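The values are calculated or read from the model by the stated rules, or taken from the named source; none is laboratory data. Bear in mind that the values here come from a model prediction, so they are computed numbers and not experimental data. Neighbour counts are summed over all protein chains in view; Cβ atoms, including those assigned to glycine, are modelled from backbone coordinates with ideal geometry.
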Amino acid sequence: MRFWYLLISIILSILFLYSPFGHCQKKPIRLEEMVVTATRTEKRIEHAPGSVCVITKDRIDLKGPDTFDQVLNDIPGVFVRRGKGLMDTLSFITLRGIPRQNRTLILMDGIVLNSPYTGVIKFGGFSPGDLERVEVVKGPFSSLYGGYAMGGVVNFITKIPQKRELKLKLGYGSGLDRGEAMDDLKSLYLSYGDRPLEGLGIFLSYGRHDTNGYPSDLNVQKYKPPVGGYTITKDRYGKTAYLIGNRGDNTWWDDCFHLKTRYEFNKDTNLTLSFIRNRYEYGYEDPKTYLLDALGNPLWSYTKVKEKTFLHGDGGVSRNIYSIRFETAFNRLKSKLNLSFLDTDDNWYITPGSGATKEGCAVSPKKCGYISSTPSEAYMVDVQFDLPLFKRHLFTFGTSFRYGHSETQEHYLGNWKDEDSKAILKYESKGKERTYALFIQDEIHVLKNLTAYLGLREDWWKSYDGYADDVGKAGYPKIYPSKSKSSFSPKLAIVWTPVDRTTLKGSIGKAFRSPTIYELYRTWTSSYGSTYAGNPDLDPETVISWDMGIEQRLWKGAKTSITYFENHMEDLIYRKSTKPKFYEYVNVGEAESRGVEFELEQKIENWLRLFGNFTYTDSEIKENKANPKAEGCRLTYLPLWRYNIGAEFKRWGLSGSIIGRYVDKWFSKDDNSDKEENVYGSYDSHFLLDARICYQIKKNTKLSLSLNNIFDEDYFQYYRAPGRSWFLGLSIVY
């Protein structure tokens, strides 16, 4: 902790030296930082409504992230959960006190990435080297973007080079202590950009990661072993448990191919085509038991604990993303057309059965295990027009359509270790959804320093062709009726600049999220015999949110901001036990969250940026008919406190960053009963310090060294989180 106090002291000292008290104040040089996502039109960031953050290409390069979501892990009001590093398939981004990934809209170049199956995003396989910038707008944005935008919108914007550029990045890293973090992590990134003809730009890239992983998934049981070797621990509810082994090193690989081209017919008209193919797969090496019998031989089963508990199946995702974007202008009318197709051609995982062993299995397929596969697809059309009228008004209006479809099939396996050994069908479900929408926003320049934004949107949502078949069970197959609903999403925002360095912002709006195909139609049964069912009668969730904040520019290079926000959520979707061992999704919840975001930044010339921020989010479940014990408890997946502090520098051929991040404990159970910390299955408070330094060897060659979790913090994010690690990278640009 001495380092922590030293870092704070250094930052405060520099802030003083560069404050008006340390030097004569000079008129600041203000660069125009632009944002598009907040209004669907290009706007200076200080004039954009709501709380807005832009992460530039320079900052992305300084951090050197492995994944898209890691770009955002030090932003106030943004919670990024990535518990196993690169290998985490359950990572998520949530904004502004609204929990769960499917309540945050994720875009890439304006394309909706939220899956029609679950509403979440699998970030594995995307290459951060493709990014030009990331825009984050917090608060309800359904008035412009429709569903999922309850907490806000994150837009990952990829690049199109303005000149010829060939880039090669290579890297290798490992845990400082083998077996404690991702071992033998290898990365490759190759990109080429050019403008071979006037008006024509092209971009090609390929990226890949591989790692032997580490044993993140532990085997913890409630039954005491009859032999030695185990460790006495607790489960996340505080009950005595026994650590008896692990499920082996969690291995991973991913890759991504990206092709993007743009042709500019003139200054107002351009056409952009894009294709992305990315994949990832994870697996597990041989498991390990800590139990030894009297002869010193490993013990894999006892009493009610079977060998199967040491096993974890493989899984993976492959998808294709196609998009066409056309922009043009007719006199004062600007228009944009976005067409996209999100094709997840496979999303699979294997679950070992009760008769599975390390070698495979020698029992019937029904006891060996099964493979679940869920391909899905989503088509989107979005048309937008921008028209200035009457000198003081800018109207943004348009329409959108999205269609989604997914189908789940589960097949028994002849060998749980071989995904190609499919046998008979075990389960099947499928469904479709579509949404039509009309939207309009009026940007009203009330005064020279006062702008109001009034947005209105109506979405018409329908689910249909729902089907489920739990093969061999009574009452199946089931064909579900269609359901339709509409949602009205208004929003009002005001931006006022009373004096040159001060900006006041406030907004109030309503947002919604329609239920997903998973929540509507998917039913599955756990290995413990509990059934978790979808519900085709679900209604959309809604939230009414408001916020107010002030952004203040101080002395040269310094600025600060503080924002207060509140969210009032209704019709939240929860699991409810309607009969023994049967849990069904229902709309039963009401909740509130409120909090404060604070940020302070000091830039020193063009070579050093110091920053600190914190987010406080208080939340309460006001009503939960599915589980009345949860009423009065905090919302799940939502830490009470988060703060970040760091420095970024670039001078004398050196560049890099050092960032400390604290995340408070959070709960995964509605009644907050999972209070125990530092045990398998818990979500622990933790402070991580990461650093990265780069040295420009030659004009086109750069060497970098990253150190992650420098203090070797020991914590769990359900799984055991990675310990201290290092990564060495080489970048060559021509």
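Filtering the range 87-128 to residues that are over 29 Å from Arg634 (Cα atoms) and either crowded, with 24+ Cβ neighbours inside 10 Å or β-branched (Val, Ile, Thr) (or both) leaves Met108, Ile111, Val112, Gly124, Gly125, Phe126, Ser127. Checking each residue in the range 355-396 for being aromatic (Phe, Trp, Tyr), free of Cβ contacts under 8 Å to residues at least 24 places away in the same chain and assigned to a strand (DSSP E or B) picks out no residue at all.
Among the residues of the range 327-347, at least one is at pLDDT 95 or above, farther than 27 Å from Gly124 by Cβ, assigned to a strand (DSSP E or B) and among the acidic types (Asp, Glu). If only one of Ala362, Ala423 is closer than 30 Å to Gly529 by Cα, in contact with a Leu (Cβ under 7 Å, 6 or more places away or on another chain), modelled with pLDDT under 95 and not hydroxyl-bearing (Ser, Thr, Tyr), which one is it? Of Ala362, Ala423, the one residue that is closer than 30 Å to Gly529 by Cα, in contact with a Leu (Cβ under 7 Å, 6 or more places away or on another chain), modelled with pLDDT under 95 and not hydroxyl-bearing (Ser, Thr, Tyr) is Ala423.
Table: residues versus (1) in a strand (DSSP E or B); (2) in contact with a Phe, Trp or Tyr (Cβ under 9 Å, 6 or more places away or on another chain).
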residue	(1), (2)
Thr636	no, yes
Lys650	yes, yes
Ser655	yes, yes
Arg692	yes, yes
Tyr695	yes, no
Phe711	no, yes
Asp714	no, no
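Among residues of the range 86-108 that are without any contact (Cβ under 8 Å) to a residue 60 or more places away in the chain and among the small types (Gly, Ala, Ser), those with a Cβ under 8 angstrom from a residue that is surrounded by fewer than 24 Cβ atoms within 10 Å (Cβ to Cβ) and in a strand (DSSP E or B), sequence gap 6+ or separate chain, pair up as Ser91/Val80; Ser91/Arg81.
When the range 374-408 is filtered for residues that are crowded, with 19+ Cβ neighbours inside 10 Å and among the polar types (S, T, N, Q), the ones remaining, listed by number, are Thr374, Ser376, Gln384, Thr396, Ser400, Ser406, Thr408. Of note, Ser593 does not satisfy the criterion of being part of a strand (DSSP E or B), in contact with a Cys (Cβ under 7 Å, 6 or more places away or on another chain) and of a type outside the set (A, V, I, L, M, F, W, C).
For (1) in contact with a Gly (Cβ under 8 Å, 6 or more places away or on another chain); (2) closer than 30 Å to Glu419 by Cα; (3) touching a residue at least 24 places away in the same chain (Cβ under 8 Å), each residue gets a yes or a no:
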| position | (1), (2), (3) |
| --- | --- |
| His312 | yes, yes, yes |
| Phe326 | no, no, yes |
| Ser335 | no, no, yes |
| Asp345 | no, yes, yes |
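In this entry, Arg575 is excluded by the filter for residues that are assigned to a strand (DSSP E or B), modelled with pLDDT of 95 or more and of a type in the set (Lys, Arg). Has the range 64-72 got at least one residue that is aliphatic (A, V, I, L, M), under 14 Å from the mean Cα position of the chain (by Cα) and assigned to a loop (DSSP other than H, G, I, E, B)? No, the range 64-72 contains no residue that is aliphatic (A, V, I, L, M), under 14 Å from the mean Cα position of the chain (by Cα) and assigned to a loop (DSSP other than H, G, I, E, B). State yes or no: is Lys448 over 28 Å from the mean Cα position of the chain (by Cα), modelled with pLDDT under 95 and closer than 30 Å to Thr502 by Cβ? Spelling it out, Lys448 is indeed over 28 Å from the mean Cα position of the chain (by Cα), modelled with pLDDT under 95 and closer than 30 Å to Thr502 by Cβ.
Check Pro365 against each of (1) touching a Phe, Trp or Tyr at 6+ places or on another chain (Cβ under 9 Å); (2) more than 27 Å from Ser115 (Cβ to Cβ); (3) surrounded by fewer than 20 Cβ atoms within 10 Å (Cβ to Cβ) and name the one condition it does not meet. Exception for Pro365: condition (3). Note on the range 417-447: residues that are aliphatic (A, V, I, L, M) and either crowded, with 17+ Cβ neighbours inside 10 Å or farther than 25 Å from Gly369 by Cα (or both) total 6.
If you go through the range 385-418 and pick out every residue that is within 23 Å of Leu337 (Cα to Cα) and among the charged types (D, E, K, R), you end up with 2.
Restricting the first residue to the range 500-520 and requiring it to be touching a residue at least 12 places away in the same chain (Cβ under 8 Å) and more than 20 Å from Tyr403 (Cα to Cα), which pairs with a second residue that is basic (Lys, Arg) and in a strand (DSSP E or B) meet a Cβ separation below 7 Å and a spacing of at least six or different chains? Taking only residues 6 or more apart or on different chains, the pairs are Arg501/Arg553; Ser507/Lys491; Gly509/Lys491.
Among the candidates Lys629, Lys622, the residue that is surrounded by fewer than 17 Cβ atoms within 10 Å (Cβ to Cβ), without any contact (Cβ under 8 Å) to a residue 60 or more places away in the chain and under 24 Å from Asp547 (Cβ atoms) is uniquely Lys622. Residues satisfying the criterion are present in the range 41-64 (criterion: surrounded by 12 or more Cβ atoms within 10 Å (Cβ to Cβ), on the phi > 0 side of the Ramachandran plot, at pLDDT 90 or above and not charged (D, E, K, R)). For the range 204-252, the set of residues classified as aromatic (Phe, Trp, Tyr) and closer than 30 Å to Lys163 by Cα consists of Tyr206 only.
The criterion of at least 1 residues that are among the polar types (S, T, N, Q) and touching a helix residue (DSSP H, G or I) at 6+ places or on another chain (Cβ under 7 Å) is met, among strands (runs of 3 or more DSSP E) falling completely within the range 457-547, by 483-499, 502-513.
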